[in-house]
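Let me begin by handing over the structure; questions about it come next.
The values are calculated or read from the model by the stated rules, or taken from the named source; none is laboratory data. Note that the coordinates shown come from a computational prediction; the quantities given were computed from them, not determined experimentally. Backbone-built Cβ (ideal geometry, glycine too); neighbour counts: all protein chains shown. Surface areas here come from the heavy atoms of the whole protein model, side chains and all, with no ligands, DNA or RNA. Shrake-Rupley method; radii C 1.70, N 1.55, O 1.52, S 1.80 Å.
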Amino acid sequence: MTNINLFLFDDFETLDLFGPVEILGKVETFNLKYFSINGGIITSKQGTQIITHKITESNSTGILLIPGGQGTRRLVDDSIFIDTLSSFAKKAEFCLGICTGSVLLAKTGLLNNREATSNKKAFDWAVQMASDVCWKRKARWVVDGKFYTSSGVSAGIDMALAFVADRFGQEKAQQIATHIEYVWNSDKENDIFS
């Protein structure tokens, strides 16, 4: 089993998390685990509450996923959060940043000189927060090495399906999309929102 370590914070965007969770939870060899800096209840921007474990209790060698949302605005300047994220991202086999979660990854410096994307409504802010990243405005999602970053909110679903396709084949990803009755935009360059 491979752990999917979901690193959460208050005011995350619900679909940023649960869209990819729906996809990754359908992979039999993935084990989803919910974490936060201090553990306990984390509340999304939409009021969804999730019980989390302390991030220090996670197996950092798994796959790290970080959503975006309004909570990212205060966390970009939170050195404890960014240092913790950096430590776990360095050890993770893959890192998946959804929406403005990619900005949090960028603040670690691990995306410097790499391609990445983020929510188009927050794109200028992303560039301002991490100017050493090669930000791609027209992209549904971007893959650079072990880093996957997606555009806003629902793009995380498309990226999660692409991640599954890269690991297990296109047919597996399409089976999941069909199972949940989702029309998968499988072309990362097809970004009608840019």
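Report, by chain and number, residues whose modeled amide H sits under 5 Å from the one on Gln70, excluding near sequence neighbours (fewer than 5 apart, same chain).
Excluding prolines and chain starts, which carry no amide H, the hits are Glu13.
Quick one: compute the contact order of segment 1-97, relative version, from alpha carbon pairs under 8 angstrom and 6+ residues apart, as a percent. Could the numbers behind the result be given before it?
Values: 184 pairs, mean separation 32.5, N = 97.
The value is 34 percent.
Still on this structure, I have one more. Given the convex hull of the Cα atoms of the chain, what is a quarter of its surface area in nm²? Show your work: numbers first, answer last.
On the way: hull surface 38.3 nm².
Result: a mean projected hull area of 9.6 nm².
Could you size up the charge dipole of the chain around its Cα centre, putting +1 on the beta carbon of Lys and Arg and -1 on that of Asp and Glu, and report it in debye to the nearest 20?
Result for the chain is approximately 200 debye, rounded to the nearest 20.
Regarding segment 89-173, what are the three Cα extents along the principal axes, ordered largest first, in Å?
That gives 39, 28, 15 Å along the principal axes, largest extent first.
Using amide H atoms built in the peptide plane, which far-off residues or other-chain residues are under 5 Å from Thr2 H to H?
Those qualifying (amide H under 5 Å, at least 5 residues apart or on another chain) are Phe30, Asn31.
Just the number please: accessible area per residue for segment 2-180, 1.4 Å probe, all protein chains included, in Å².
Details: 7290 Å² over 179 residues.
With all protein chains present, segment 2-180 gives 41 Å² per residue.
In straight Cα distance, which aspartates and glutamates are under 12 Å from Lys33, not counting same-chain residues fewer than 8 positions off?
List returned: Glu57.
What is the percent carbon and sulfur in the accessible area of segment 8-47, measuring with a 1.4 Å probe over the protein chains and ignoring ligands?
Working: 820 of 1670 Å².
Carbon with sulfur: 49 percent of the solvent-accessible area.
Looking at the chain, what % of its DSSP beta bridges pair antiparallel, to the nearest 5? Kindly include the intermediate steps, with their values, before the conclusion.
Values: 8 of 28 bridges.
Bridges in the chain are about 30 percent antiparallel.
If I take every Cα pair under 8 Å that is 6 or more residues apart in segment 2-180, average their sequence separation and divide by the length, what percent do I get for the relative contact order? Show your work: numbers first, answer last.
On the way: 398 pairs, mean separation 36.3, N = 179.
Once divided by the residue count of segment 2-180, the mean separation gives 20 percent.
Next question. Sticking with the crude label model, points 7 Å out along Cα→Cβ, report the distance from Glu115 to Asp78 in nm, one decimal please.
3.2 nm
So for the pair Thr43, Thr2, with labels modelled 7 Å out along Cα→Cβ, what separation do we get in nm?
3.5 nm
Students often check this: by mean Cβ neighbours within 10 Å, which of 176-184, 17-25 ranks highest, and how do the rest follow?
Working: 176-184: 14.1, 17-25: 21.7.
Output ranking for 176-184, 17-25: 17-25, 176-184.
From the backbone phi of segment 153-164, what are the Karplus-calculated ³J(HN,Hα) couplings (6.51 cos²θ - 1.76 cosθ + 1.60, θ = phi - 60°) in whole Hz, Gly and Pro given as x?
6, 5, 4, x, 5, 4, 5, 4, 5, 5, 4, 4
Also: With the cut-off at 31 Å, tell me which of the pairs Lys54/Lys188; Lys107/Lys172; Lys45/Lys188; Lys54/Lys138 have Cα atoms farther apart than that.
Working: Lys54/Lys188 34 Å; Lys107/Lys172 33 Å; Lys45/Lys188 27 Å; Lys54/Lys138 36 Å.
With Cα atoms farther than 31 Å apart: Lys54/Lys188; Lys107/Lys172; Lys54/Lys138.
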